[in-house]
Amino acid sequence: MKRLLVICLLSVVGLAQERPKLVVGIVVDQMKMEYLYRFSNDFSENGFKRLMNQGYTFHNAHYNYMPTYTAPGHASVYTGTTPSVHGIVGNEWFNKATSKELYCTDDEAVTLLGNGVESEGKMSPKNLQATTITDELKLATNFTGKVIGISIKDRGAILPAGHFADWAFWYSKTGEFVSSTYYGKELPKWAIQFNAEKNYLKYIDKGWDLLKPKETYNESLTDNNPYEGKLFKKTPFFPYNLKEMYEANDAGVLRTSPYGNNLLVDFAKKTIENENLGKDNITDFLAVSFSSTDYIGHVLGPRSIELQDTYLRLDETIADFLTYLDKTVGKGNYLVFLTADHAGAENVTYLKDNKYNVSNLNSKNIEQTIKEYTEQTFGENLLLNYSNYNIFIDKTKAKQKALDIQVVKSGIKNFLLTQDYIKNVYTEEQIQQSSPTDMYLQAIARGYDPKQNGELIMLYKPGYVEYSSTGTTHGSPYSYDTHVPVLFYGWNIPKGESFVKKYITQIAPTLAQKLKLTMPNGTDCQVLEEVLIK
């Protein structure tokens, strides 16, 4: 009997060594690798620095496709492939096959779970065409390992969690975490209880002031500088009265504050506790996506005190979460990776004011310019749609006027090449042939689905951004949009760092090798060897 018990115990230990009890995937929306350097002196020892100093840091990790947006980013991290394969070619896009606008997680077949706006619930991963690392974990454990995705944004929860997830939860402007009937018939009781407690109100009532003395923020520009937008029509100046903003709007104001990250970790802890994640030797997976960094970056820009304060607070939030994981799952029993879904550009006006000859671009002006060109040249407006760098030609109108579509494409391309902001324009034929010598064409090809994307794709010159004069955005294949952190920490992860160029599409196949799973079905199987050898 004793021998049998010893054999059983050894079997359990062997299984525990084979895989961690819990994998936590962290995506920080719009996080530049540079933030880990710029804000380093003001970080604690237990947040980002703990991940870097005690884990493995890839300093030179990049996205290898365009467009660098949120939905394609999350999908690419978790599928280990690019939009050309997994099909998520934007956050929302004009679909050539259907001639309709499509949101990345649209699904009319499902409905809302929870107290939110009805449209917030018509979401699922059905538009994702490849499997995720989380899907492969479900298959490998015969669906006994749990997979849950949580985020402020629906796409940040749904796409990482994959097709087979137990749950995905996202934040509604009502202040509650909601889901859809894709995952179940009703929200779990613990989630209903969490929502009933109105946990968001404690952060609203708290207001947003600086975490540290103002002189700490010398890595940022002055408060209320001309490159910041207004936060819910309020002058960008500390302190912020979130209660006043909430009363004038709704609980969605929490998204554009650092407390969106805090509330998400509050919810993550309840998820782990009530879903018993990491409690046995069957590996579970929690996908966490912090969205508030992106909301704040868009409105206030990368050089704002608000953004720096958000990262200093996120550092504390991550430190608290790691301490929680130590206590509940146990040190050495969980594996964490942290990355971003894209980085972000500098504010164009700030660059221009400092004598860099670049400009903001207005999408409506670009669209109007293309329309006018086609009208003057071909006697008809042949622009069907312009969005996400894509130009869609109205082939029906071209056919009615007996126009050669290749002549139309060539004409639009040559016209656009005369515009000061254009670096290059690629036709669908060029994109599908790609080129070993043009790295930007390669990036565009990896982000291009011939069934969904346009007949032409534009590439702006470096530094040019299609956005307002304040705040910032992202989407290009340039390093300011592609360079993101990739950190591994915890179970069987060696300490170290690498400065060799890597790609975020290597994360999922690396996890597959680490966990001894089948690789996601769309990946090219390139791995990060440094964290596989211990």
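Modelled spin-label separation between Asp205 and Leu139, with each label point placed 7 Å from Cα along the Cα-to-Cβ direction: 4.9 nm.
Within the range 264-369, which trypsin sites (Lys or Arg not before Pro) sit in a loop by DSSP and count at most 13 neighbouring Cβ atoms inside 10 Å? Answer in residue order: Lys331, Lys355. Set the Förster distance to 30 Å, then compute FRET efficiency between Asn46 and Glu529 from the Cβ-Cβ distance, nearest 0.05. Calculated transfer efficiency: 0.60. When its C-alpha radius of gyration is set against 2.2 N^0.38 Å (N residues), the range 404-530 gives a value of 1.36.
Rg/Rh for the range 363-422 stands at 0.94; both radii use Cα atoms, and Rh follows the Kirkwood definition. Between helix 405-416 and the chain there is an angle of about 90 degrees, using the helix long axis and the longest principal axis of the Cα atoms.
Taking the DSSP beta bridges with both ends in the range 148-246, the antiparallel portion is around 50 percent.
Please give the per residue volume of the convex hull enclosing the alpha carbon atoms of the range 346-482, rounded to a whole number of Å³. It comes to 113 Å³ per residue, whole-number rounded. Taking one quarter of the surface of the C-alpha convex hull of the range 79-120 gives a mean projected area of 4.2 nm². Computed on the Cα trace of the range 485-534, the radius of gyration divided by the Kirkwood hydrodynamic radius gives Rg/Rh = 0.94. Each of Phe164 and Gln376 was given a label point 7 Å from its Cα along the Cα-to-Cβ line. The distance between the two points is 5.7 nm.
The Ser435 and Val500 beta-carbon pair, evaluated with R₀ = 22 Å, returns a calculated FRET efficiency of approximately 0.40. Sorting Asp280, Asp205, Asp106 by solvent-accessible area of protein heavy atoms yields Asp205, Asp280, Asp106, largest first, with a 1.4 Å probe. Restricting the count to DSSP beta bridges whose residues both fall in the chain, what percent are antiparallel, rounded to a multiple of 5? If I count the DSSP bridges inside the chain, around 50 percent turn out antiparallel.
Is there a pair in Lys212/Lys514; Lys212/Lys233; Lys126/Lys461; Lys146/Lys502 whose C-alpha atoms are over 32 Å apart, and which pairs would that be? Flagged as over cut-off: Lys212/Lys514; Lys126/Lys461. Using a probe radius of 1.4 angstrom, the carbon and sulfur fraction of the accessible surface of the chain is 49%. Positive-end ranking of Tyr217, Ile158, Thr349 along the dipole of the chain, with charges on Cβ about the Cα centre, is headed by Ile158. Between the Cα long axis of helix 363-378 and the first principal axis of the chain there is an angle of about 40°, rounded to the nearest 10.
Evaluated with a Cβ-only charge set (Lys, Arg +1; Asp, Glu -1), the chain carries a dipole of roughly 960 debye about its Cα centre, given to the nearest 20.
Placing dummy labels 7 Å off each Cα toward the beta-carbon, the span from Lys331 to Ala248 is 4.8 nm. Applying a threshold of 22 Å to the alpha-carbon distances of Lys364/Lys413; Lys198/Lys279; Lys189/Lys270; Lys331/Lys501 flags Lys198/Lys279; Lys331/Lys501 as lying beyond it. Looking at the range 427-505, the trypsin sites (Lys or Arg not before Pro) that sit in a DSSP loop and have at most 12 other Cβ atoms within 10 Å of their own Cβ are Lys451, Lys495, Lys501. By the equivalent-ellipsoid construction on the alpha carbon gyration tensor, the range 145-246 comes out with semi-axes of 35, 17, 13 Å, ordered largest to smallest.
Restricting the calculation to alpha carbons of the range 79-194 gives Rg and Dmax of 14.2, 43 angstrom.
Sparse packing (at most 16 other Cβ atoms within 10 Å of the Cβ) combined with a DSSP loop state is found for the following GluC sites (Glu not before Pro) in the range 195-249: Glu197, Glu219.
Above 18 Å lies some portion of the pair distances; for the range 255-359, what is it as a whole percent of all C-alpha pairs? The share of Cα pairs beyond 18 Å in the range 255-359 comes to 57 percent. Full extension of the chain between Thr396 and Asp353 yields a length gain of 11.0 nm, computed as 0.36 nm times the residue separation minus the alpha carbon distance. Simple rule: put +1 on each Lys or Arg Cβ and -1 on each Asp or Glu Cβ in the chain, find the dipole, and look at Gln419, Thr317, Leu300; the Cα lying farthest toward the positive end is Thr317. Distance distribution P(r), the chain, all Cα-Cα pairs, bin width 10 angstrom from 0: 4, 18, 28, 27, 16, 6, 2, 0, 0, 0 percent.
What the range 123-209 shows is 35 Å² of accessible area per residue, with the surface traced by a 1.4 Å probe over protein heavy atoms. Think of the chain as a dipole: +1 on every Lys or Arg Cβ, -1 on every Asp or Glu Cβ, centred on the Cα centre; then among Asn115, Ile282, Ala508, Ile282 lies furthest on the positive end.
The values are calculated or read from the model by the stated rules, or taken from the named source; none is laboratory data. Bear in mind the structure is a predicted one, so any value in this text is a computation, not a measurement. Virtual Cβ from ideal backbone geometry, glycine too; neighbours counted across all protein chains shown. What goes into the accessible areas is simple: the full protein's heavy atoms, side chains included, and nothing from ligands, DNA or RNA. Shrake-Rupley method; radii C 1.70, N 1.55, O 1.52, S 1.80 Å.
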